[in-house]
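Notes for the one structure printed next.
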Amino acid sequence: MAAGSPAVAAVAKPSCVDTAASEEAAIAVAVSCARRVTVAGKVTELTQVYAEPSGRLRFESAVLPQRARQADGSWKQVDLALRKDKTGLLRPGASVADVRFSAGGSGPLVTLVEPGGTMTMSWPGVLPAPTVVDDAATYPEVLPGVDLVVRATRTGFTHVLVVKTPQAAANPALKEIRFAIGGDATVQATPDGGMLAKIRSRVVATAGPASMWDSTEVVTGPDAEIAARTGEKPVFKGVKSTHGAPGDTAREAPVGVHRSSSREVVLTPDAKLLAAPASAFPVFIDPPWSTVKSRWAYATNNGSSNTDYSVARVGLNPDTGALFRSFFDFPVGALAGKYVHDAYVAMKLTHSWSCGDTENDMYHAQGITATMKTSWTSTSLNSWLSSTMSHANEAGGCSDSPQPDQDKNFTGPNVTSTIQAHAAVSATNITIGFVAGANATWEAIQNRWKRWLPGNAVLVVDYSSYPGQPTGMQVAGVACPGSGVMSIGTLTPTLSAVFPDADGSQTMSAAFEWLEVPANGVYNDTTPRKTAPPAVSAPANTRGTTAALSGMVSGKKYAYRVRHTDPAPYNLVSPWSAWCEFTTDNTVPGVVAITPTTLPTGPGTSGAFTLSTQLPADSDVVKFRYGWSSPPLLEATATGTTTKTATISVTVPKYGQNILYVYAIDATGNKGNDSSYSLAIARPSPAVARWGLETYPGTTTTMALADQQPSLAGNTPLTAVGGVTWPAGTRLTDGAAVRFDGTTGYLKTAGPVLDTTKSFSVAAWVRPTSLTGYHAIATQQGNSMGRFELVTRDGYYCIGSRPNQDDYDYPTYTCATAPAQLNVWAHVAGVWEAGNGGKLRIYVNGVLAGPEVADATAWSAAGPVVIGRWQYYDSGSDFWAGDIADVQLFNRVLVANDFTGQRKSDPLSGGFDEPGMFAPIEVGRWDMEAATPCYAVGNPGTCEAPDGAAWGRRMALSQGSWVDLGHGNGQAVYFDDKHWIDDPADPYYNLTTQEYGRSQRNTGTLGTPVWGDSPVLRTDGSFTVSTWVKLGKTTGWQVFASQDSTGHSGYYFYYRDSNGGQWVFKMVAGQTDGASSHATLAVAAATNPTAWHHLVGVTDVGKREIRLYVDGALAATMPLYSGWQPWQASGPLVLGRGTTPTGPNDWFTGALDDVRVYQGAMTEGGVMALYESQKI
């Protein structure tokens, strides 16, 4: 049959569920069932997307966890109320911290359960049965006059000692309070007075500097004056102290925190506060623990600090005189590329100084520099967004006190436009600041003092996806070619297209326009159009077809295009499609019916189709042309009498959408009308056998020789024979690839892997040390000869096929046209396709490198796979000289996007990001989750970020390096030119620093480490560098990643302030050659660089190019300088600066997170998959 527009099946009404897998499915259920439906794949602890019954999509983002993932993978709203579990322990209903509290007795006070282990914290004594109220459990009289309160919080838990009387405060046991740490956890102190809890090298909880406060109540103003005149005790109308937070006039003091060992935390309360008068009691001693970072912070104009994080303060504090601002960092990554219809920020006011409405204002602000206290000057206000009037006085003194909390929305066009601007540049977050007034005078007005609840702060956005460019263009049911002119056999064709829209079920309205192509072949917006067919309506992501056109003349050339519009209220219009050109001719053979007899099972597999003429007039057809591109080139002879037919076998060239193009040719050579058949192909099947052939930490020689795919073609490990060694550092720093001596060394399996009578492929990374004569990479043996030979032949990479297994007949070869490079790693793949009479292909570095050669050989080689040697009867020959790694065998044909990967955004993709087989090896991963600030180099357990990759190299941080909120819910490392300490009495206060990190390797033991600088990447090979970056300033040149040498850095990844700000990935020609004329730069505009961005730099030696990706998208590709030759930068990988022959340069100011480096060139699909997995 000819591919046309299939009838659209009736769509069944969806089941009325509360959750759907995609935006499209959620909209369909929401509209059909008149209910709100959550999009399952868009839910996190902080964000969610749901569809409204109106068909709109709504996004919500918070700064504190709103949901917690359950054991079955579902999500549940945070519920901190404690109840007993099956074991008798007290647990919150739903919390991001899997925390359990004691129900009394001698067990741990707190148990925190994490993947891979537990952390316990124990009180030094038997605990009484607690009293439970909501989220808190109170253990009475753990010491005389002292209660212990534990409380579940949105980010973790707190444990507070409540010292009720001066007599209790005099107990010597309160001079040092000890908590034992158990389970799998250890603790270490941080330079700012906090603590880290680790399970092995992973941080599972953090505690900021501990504090304590009393219950002092100070009455001022008119109430104090009246009390002084009357002698009556004044009534305190402020917020009183509780175990949850200090009151308005409470006195506060820091609590000393240290560890006597890695298994004990010791608190040292402030003696002066414990000696307070009776009126100041109870006194509360509190170290809060968190398992995730809060995404909000406060700032004060005088640098004063605050330890109560339960509320966000705004305005002039009536008790201290400090001005407060509060900043909220909302994740917005889910809005990337979307249309924002409306946006607002919902807040809950819990207290105001005033009895009546006063104003607070909302601004777009610079990013938070630290949590929980950020810089007043650095976290500046960018632009005014909105304001609202509110009041909620809870302290008393008003006629209606205590006033209830108020829910307020900060709305307006500035909010919507600012969120839209962030969505347009795929920003991952936006910082919103709340202040008491739009200028300094208004900000200092006392009656604007307010407290907001950060747990209730939510950014709410109504949005829609922009309609995508139409795809699947067809004329008369035949697919338009990517280029050229198609021929149709009717003067009344229909036009059709598919209308992509990520929002799914809504109905799109499509406008088609068509024209007659002028004789000169040139047309534009002024070229007269023919009468347009009526608008076409069709559900999104389906095909819409016009009514038949009229007025066409045979032999004329026409063109059409289409765009579509989504429904109200958005009415968003897609881009125009590309033009499709066609001619009409009803005098030549007509459309060919294309009928599948055996469908392909995946890319690189074959299928069978029957081609048939359909018109009696086509009985003179003698052959068909067919192929996966237009115009097709392959031919098949037509047989039969009235109906002419042919059966063809074709191998699918890619995954995703494939179009088979066909036309008939008659006896006089007339080309017939075009036909097509479309089919969707799933993602590729993996190699049936794979051997890594590399050792590195955690991978032994035995593991390197093991089959990594034992379940696909049987477990087929390799055995080493003869001169096989494992020299270090040839492809991976601190790794070893197998080396063959060229005379006796090879590897072999015990038996066969491939069915060599069917299509197969073999691929490997190779580094030849000799190119003279023949050197075999891989073969599968027969009785006397190998069935195939992947080989270097007189200096060229080739795939050879032996015609039979017993006679020494000369093989058929296809070879690369460019010579192989000595001592340079290359990826080589040989393919034998069984269909179409047999074909041999050779790929080098993912590119078809030589001619396709016919080869009908099809015999079964029943012997073993051999790596590094060719079989010649009972002896070996053509021994490999050099290194080999990552050998893969496939029971199918390799296709182009097996190497390159594919983006799901490609119009003909299968709807997924496929990284391709060139997945590089991760050789360094610093996610910064266990990073520690650097007060002074040499303090044990500080000044480092551990490596999550197998090598375990740490990133050693220089003095002054800080660690705080990252692009997600975790940590990032911060570099600038000042020490982070903010205590004027500290010797390092205001110290000028040059901050950076460098990779180091432990040459000692775990117990007695000896750290020394170490390289990470082989810069003389292909490599990839990935990091999240947020600038702290936008002036000058700032290198955020490089690798040192004794001269120039092996690469430079940096920002420069040229042309409004640019990201740059740069390679210089050599260690001592930094000439700008010899350097290669990939450059992209740096839009909003003070927000988080994902940047990836790729050096692809095989393709001799570098690539720069910004937020998942390819931004620049540049060929390497013609004189560039691979060279190794032998120094450490560095974050925060570069280097030149004269010394370090271009210091970085800002934050870095999730730094990952790979040996190998990551593909476009791989980069997008990495970005999607990390964005928030």
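Observations on the structure shown:
- Check on residue 113, out of contact with any Phe, Trp or Tyr (no Cβ under 8 Å at 6 or more places or on another chain), assigned by TED's automatic domain parsing to the domain that holds residue 255 and not in a loop (DSSP other than H, G, I, E, B): yes
- Once region 893-926 is narrowed to residues that are β-branched (Val, Ile, Thr) and in a loop (DSSP other than H, G, I, E, B), the residue that is modelled with the lowest pLDDT is 895.
- Breaking point among (1) outside any strand (DSSP E or B); (2) in contact with a Pro (Cβ under 7 Å, 6 or more places away or on another chain), for residue 758: (2)
Yes/no per residue for (1) outside the structural domain of residue 953 (by TED's automatic domain parsing); (2) surrounded by fewer than 20 Cβ atoms within 10 Å (Cβ to Cβ); (3) modelled with pLDDT of 95 or more:
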| site | (1), (2), (3) |
| --- | --- |
| 1097 | no, no, yes |
| 1108 | no, no, yes |
| 1112 | no, no, no |
| 1144 | no, yes, yes |
| 1148 | no, no, yes |
| 1165 | no, no, no |
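- Only residues that are touching a strand residue (DSSP E or B) at 6+ places or on another chain (Cβ under 7 Å), buried (at least 19 other Cβ atoms within 10 Å of the Cβ) and more than 29 Å from residue 570 (Cβ to Cβ) were counted in region 37-79, giving 3.
- In region 1114-1149, the residues that are touching a residue at least 60 places away in the same chain (Cβ under 8 Å) and of a type in the set (Gly, Ala, Ser): 1129, 1130, 1131, 1136, 1138
- Any hit, region 593-601, residues being in contact with a Lys or Arg (Cβ under 9 Å, 6 or more places away or on another chain) and either assigned to a strand (DSSP E or B) or not polar (S, T, N, Q) (or both): no
- Condition check for residue 334 on (1) in contact with a Phe, Trp or Tyr (Cβ under 9 Å, 6 or more places away or on another chain); (2) part of a loop (DSSP other than H, G, I, E, B): one failure, at (2).
- Entry remark, region 906-959: residues being of a type in the set (Asp, Glu), farther than 21 Å from residue 1098 by Cα and under 18 Å from the mean Cα position of the chain (by Cα) number 1 in total.
- Matching option when the condition is on the phi > 0 side of the Ramachandran plot and either among the aliphatic types (A, V, I, L, M) or under 35 Å from the mean Cα position of the chain (by Cα) (or both), among 378, 426: 426
- Residue within region 1080-1093 that is touching a residue at least 24 places away in the same chain (Cβ under 8 Å), of a type in the set (Ser, Thr, Tyr) and either assigned by TED's automatic domain parsing to the domain that holds residue 428 or under 30 Å from residue 980 (Cβ atoms) (or both) present: yes
- Test set (1) over 30 Å from residue 1113 (Cβ atoms); (2) buried (at least 22 other Cβ atoms within 10 Å of the Cβ) - residue 329 fails condition number: (1)
- None of 415, 435, 460 is at pLDDT 95 or above, over 26 Å from residue 211 (Cβ atoms), in contact with an Asp or Glu (Cβ under 6 Å, 6 or more places away or on another chain) and not small (Gly, Ala, Ser) except 460.
- Selected residue [more than 25 Å from residue 719 (Cα to Cα) and either hydrophobic (A, V, I, L, M, F, W, C) or in contact with a Gly (Cβ under 9 Å, 6 or more places away or on another chain) (or both)] from 809, 878, 855: 855
- Picking from residues in region 631-678 that are of a type in the set (Lys, Arg) and under 25 Å from residue 490 (Cβ atoms), the one that is surrounded by the fewest Cβ atoms within 10 Å (Cβ to Cβ) is 671.
- Leading residue by the ranking (surrounded by the fewest Cβ atoms within 10 Å (Cβ to Cβ)) among those in region 116-132 that are part of a strand (DSSP E or B) and in contact with a Pro (Cβ under 8 Å, 6 or more places away or on another chain): 131
- Being within 13 Å of residue 881 (Cβ to Cβ) and assigned to a strand (DSSP E or B) is a property that residue 776 has.
- Considering region 629-708, the qualifying strands (runs of 3 or more DSSP E), each wholly inside and each with 2 or more residues that are within 30 Å of residue 920 (Cβ to Cβ) and in contact (Cβ under 8 Å) with a residue 40 or more places away in the chain, run over 656-666, 675-681, 689-691.
- When region 268-301 is filtered for residues that are assigned to a loop (DSSP other than H, G, I, E, B) and more than 22 Å from residue 328 (Cβ to Cβ), the ones remaining, listed by number, are 269, 270, 275, 276, 277, 281, 282, 287.
- Those strands (runs of 3 or more DSSP E) of region 133-204 in which 1 or more residues are modelled with pLDDT of 95 or more and touching a Phe, Trp or Tyr at 6+ places or on another chain (Cβ under 8 Å) occupy 136-143, 146-152, 156-163.
- Only one of the numbered conditions (1) part of a strand (DSSP E or B); (2) within 36 Å of the chain's Cα centre (by Cα) is violated by residue 487, and that is (2).
The values are calculated or read from the model by the stated rules, or taken from the named source; none is laboratory data. All figures in this text were calculated on a predicted structure; none of them were measured in a lab. For neighbour counting, all protein chains shown are included, and Cβ atoms are generated from backbone atoms with ideal geometry for every residue, glycine included.
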